[in-house]
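**Student:** Input: one structure, supplied below.
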Amino acid sequence: MLLEGVPASSGIQIGTALLFHREDFDVPTYTIDESEIEKEIKKFESALIQTRKELEEIQSKIQKEMSSIHAGIFSAHILLLEDPMFVDEVKKEITISKLNSAAAVKNVVQNIIDQFSTMDNEYLRGREADIRDVVSRLIQNILGKEKIDLSSLKKEVIVISHDLSPSDTALMNKDKVIGFATDVGSKTSHTAIMARALEIPAVVGLGKITSYVKTGDLVIIDGNRGRVLINPDGEVYEEYLIEQSKFQEFEQSLSMLKDMPAVTLDGTHIELACNIEVPEELSSIQKYGAKGIGLYRTEYIFIRKRTELPSEEEQYESYKEAVEKVAPEAVIIRTLDLGGDKFASSLGIPADVGSMMGLRAIRLCLQYPFIFMPQLRAILRASAYGNAKIMFPMISRVEELRLAKVMLDQAKSELEYEGLPFDPNIEIGTMIEVPSAVVTADILAKECDFFSIGTNDLIQYTLAVHRVNEEIAHLYEPLNPAILRLIKQVIDIAHENGIWVGICGEMASDPLVVPLLIGMGVDELSMSPIAVPEVKKIIRSLTVEEAQKITQVAMSFSTANEIESYVYSEAMERFPDVLMWIDHRLH
Amino acid sequence: MKPAGLLVREAGKYKSKISVYKDNMEHRKVNAKSLIGVLTLAAGKGSTVTVLADGEDEEQALNGLEDLIVRRKFDEE
């Protein structure tokens, strides 16, 4: 059987499937005998007690390690378990409809959620996530299921899942997972980014792969074309073995570029840096011939802790490791960018405030100094060991940048008072990912040392497209004329104001976009380490003048489609081998 | 904890049957001991609610709830 999806991370992998299933609302439903009613009610009641106990444990842990405000969320969860409207309805459903208890819970909850969703009250609609959270725990306890945990894998597997959350990927055993395939997702969803970071082939957006694959099936993941083959016949299997070795040859040809500089044919140097998601990737930087780190993400420390905030000391050790590893090259450390799709339940912040336009990233940090200050201090302390820069995400107005700088100064004076070393002249960067930041780039440029354009969010905010919504995912267009104009505007304004500008979104490593970015005069490109060789190959195949011409023509078109087919034909002439192996469609 | 949770907590302390409704919609009254029920009232800040109690400790229940809603204003101030 062959399934087609979105190629998220290149490479070919052949292996055994592991169906990783989160117990959402997929529960067995069957009718029971009169005589079993009492037994099912008992089952429900003891699951209630167990779930309550689990929640109280989590609550007291959070209370101890964080604060009672955060623990309060779980009090509401516990109240739901005691709710007469819920408990009585479930018992009624078991007795009258003669349903097994798990199915009864599921039905009753669905009714409640439906009732909530019709109400014109955002707070209430937001409670749906809380209810689902409690109930999936409850159903798991009724069914007596052990949650599969990807941290304790013994054999190499290809993980097949509906989706993978940041906490799933953060906790998994990286040595044993050799591929991903998921029902949902796009090139820029978390699973895809993570797969590229870990250098394992992945295909996402497959629709219903979880209903076709069983644990133990033989699967082939073709991350170049976006295909997954389930239990292929002998002939296809042989073909893929050959394909796999050909691809490895191509990768070897790229590795020859490792020690060559990233310069255009006419000698212009472009800084190539890496996006680092987890410390495990630090060793890849040199392996792929990159220089420094253009985006050091700090979310993993917060996600891995699960139920408490990481201490200043832990953060300091982590940042210091990265700074020392790449010295004398730079590490650009981005402050916490949680919220949106990277929401961490460990912070105990209600899910409804974590949306794309909600209390996330710099907003969250400015609101909660108990999260922000330890991180600022940790980054400053790490800056004593090499070349660290600091960067603030999701700046949408200059006041946020100013306030963040005030807090940074506060952290500096604390450290000075305590006699701890740091780099007093640490460079400060602004991430440009909200359209208002592009429009006010001239104002922001006067108050910071560099810009880094986060193209993923910039595209989403500018085109009003949430990339995880499959219905509209095709509207996420990196080559939309609006996006190209905004990027050009930022680069021009940065240079007018004498500061440098980098790109750290997915666009920085897109073979069709790189010529345009060179043509616009970008100073630095930061990408996942694995993409560095091919981008270097592209840079080394053009002159700046050619790139400027391509950019000028591309920007004269009216639609993303026209731009794409034009840039594709130009790219085919100059670096066909890169395109042959790497998916040329942009999404 | 949010006001709805506090209300349910307080109502849960009493043996009486306690119900609550918004504005004049008595036909849509809900069990005050149920968080889901109270949430479906969708009684935002500034709305008018009526509390009914029936049972052996009805007086104490009404006093306790009045204290929470009117005097302590859900401890929000």
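**Student:** Any residue in the range A:86-104 that is buried (at least 17 other Cβ atoms within 10 Å of the Cβ), among the β-branched types (Val, Ile, Thr), touching a Lys or Arg at 6+ places or on another chain (Cβ under 8 Å) and at pLDDT 75 or above?
**Tutor:** Taking every residue of the range A:86-104 in turn, none turns out to be buried (at least 17 other Cβ atoms within 10 Å of the Cβ), among the β-branched types (Val, Ile, Thr), touching a Lys or Arg at 6+ places or on another chain (Cβ under 8 Å) and at pLDDT 75 or above.
**Student:** Would a scan of the range A:470-482 turn up a residue that is in a helix (DSSP H, G or I), in contact (Cβ under 8 Å) with a residue 60 or more places away in the chain and more than 28 Å from A:MET394 (Cβ to Cβ)?
**Tutor:** No - not one qualifying residue is present in the range A:470-482.
**Student:** Shifting gears a bit: At pLDDT below 85 and surrounded by fewer than 23 Cβ atoms within 10 Å (Cβ to Cβ): does that describe A:SER345? Spell out how you get there, then give the answer.
**Tutor:** Details: at pLDDT below 85: yes; surrounded by fewer than 23 Cβ atoms within 10 Å (Cβ to Cβ): yes.
So A:SER345 passes the test.
**Student:** Looking at A:ASP442, A:ASP457 in this structure, which one is assigned by TED's automatic domain parsing to the domain that holds A:VAL544, assigned to a helix (DSSP H, G or I), modelled with pLDDT under 95 and touching a helix residue (DSSP H, G or I) at 6+ places or on another chain (Cβ under 9 Å)?
**Tutor:** A:ASP457
**Student:** So in the range B:13-61, with the set limited to residues that are more than 26 Å from A:VAL108 (Cβ to Cβ) and assigned to a helix (DSSP H, G or I), which one is nearest to the chain's Cα centre (by Cα)?
**Tutor:** So the residue we want is B:ALA61.
**Student:** Looking at B:ALA43, B:ALA32, B:ALA4, B:ALA53, which is the one that is more than 14 Å from chain A (Cβ to nearest Cβ) and touching a helix residue (DSSP H, G or I) at 6+ places or on another chain (Cβ under 9 Å)?
**Tutor:** Details: B:ALA43 fails: more than 14 Å from chain A (Cβ to nearest Cβ); B:ALA32 fails: more than 14 Å from chain A (Cβ to nearest Cβ); B:ALA4 fails: more than 14 Å from chain A (Cβ to nearest Cβ).
Testing whether each residue is more than 14 Å from chain A (Cβ to nearest Cβ) and touching a helix residue (DSSP H, G or I) at 6+ places or on another chain (Cβ under 9 Å) leaves just B:ALA53.
**Student:** Can you tell me which residue among A:ASP120, A:ASP168, A:ASP114, A:ASP163 is over 30 Å from A:ILE178 (Cβ atoms) and modelled with pLDDT of 65 or more?
**Tutor:** Working: A:ASP120 fails: modelled with pLDDT of 65 or more; A:ASP168 fails: over 30 Å from A:ILE178 (Cβ atoms); A:ASP163 fails: over 30 Å from A:ILE178 (Cβ atoms).
From the options A:ASP120, A:ASP168, A:ASP114, A:ASP163, the qualifying one is A:ASP114.
**Student:** If you don't mind, another one. Just need a number here: residues in the range B:15-29 that are touching a Lys or Arg at 6+ places or on another chain (Cβ under 8 Å) and either within 19 Å of A:PHE116 (Cβ to Cβ) or more than 13 Å from chain A (Cβ to nearest Cβ) (or both).
**Tutor:** Total satisfying the criteria: 4.
**Student:** For the range A:509-545, how many residues meet the condition of being assigned to a helix (DSSP H, G or I) and touching a residue at least 60 places away in the same chain (Cβ under 8 Å)?
**Tutor:** Selection size over the range A:509-545: 13.
**Student:** Follow-up. Which condition breaks for A:VAL27 when tested against (1) under 30 Å from A:THR169 (Cβ atoms); (2) β-branched (Val, Ile, Thr); (3) assigned to a loop (DSSP other than H, G, I, E, B); (4) at pLDDT 80 or above?
**Tutor:** Failed condition: (4).
**Student:** Please specify each residue of the range A:183-204 satisfying the condition of being at pLDDT below 85 and either in the same structural domain as A:GLU506 (by TED's automatic domain parsing) or acidic (Asp, Glu) (or both).
**Tutor:** Within the range A:183-204, just A:GLU199 meets the criteria.
**Student:** Mind listing whichever residues of the range A:386-417 are more than 24 Å from A:ALA437 (Cβ to Cβ) and touching a helix residue (DSSP H, G or I) at 6+ places or on another chain (Cβ under 9 Å)?
**Tutor:** A:GLY386, A:ASN387, A:LYS412, A:GLU414, A:LEU415
**Student:** Go through the residues of the range A:406-419 one by one and say whether even a single one is closer than 26 Å to A:SER383 by Cβ, buried (at least 19 other Cβ atoms within 10 Å of the Cβ), of a type in the set (S, T, N, Q) and modelled with pLDDT of 95 or more.
**Tutor:** no
**Student:** In this structure, does A:PRO533 turn out to be closer than 26 Å to A:ARG467 by Cα and surrounded by 18 or more Cβ atoms within 10 Å (Cβ to Cβ)?
**Tutor:** Here the answer is no, as A:PRO533 does not meet what is asked.
**Student:** Scan the range A:517-526 and give yes if some residue there is of a type in the set (A, V, I, L, M) and surrounded by fewer than 16 Cβ atoms within 10 Å (Cβ to Cβ), otherwise no. Full working, then the answer.
**Tutor:** Going residue by residue through the range A:517-526, those that are of a type in the set (A, V, I, L, M) are A:517-518, A:520, A:522, A:525.
Still in the running and surrounded by fewer than 16 Cβ atoms within 10 Å (Cβ to Cβ): none.
No, every residue in the range A:517-526 fails to be of a type in the set (A, V, I, L, M) and surrounded by fewer than 16 Cβ atoms within 10 Å (Cβ to Cβ).
**Student:** Every residue in the range A:426-435 that is surrounded by fewer than 19 Cβ atoms within 10 Å (Cβ to Cβ) and out of contact with any helix residue (DSSP H, G or I) (no Cβ under 9 Å at 6 or more places or on another chain), please.
**Tutor:** Of everything in the range A:426-435, just one residue is surrounded by fewer than 19 Cβ atoms within 10 Å (Cβ to Cβ) and out of contact with any helix residue (DSSP H, G or I) (no Cβ under 9 Å at 6 or more places or on another chain), namely A:GLU427.
The values are calculated or read from the model by the stated rules, or taken from the named source; none is laboratory data. Worth saying up front: this structure is predicted, and the values here are computed from it rather than measured. Methodologically, a virtual Cβ is constructed for each residue, glycine included, from the backbone with ideal geometry; neighbour enumeration extends over all protein chains shown.
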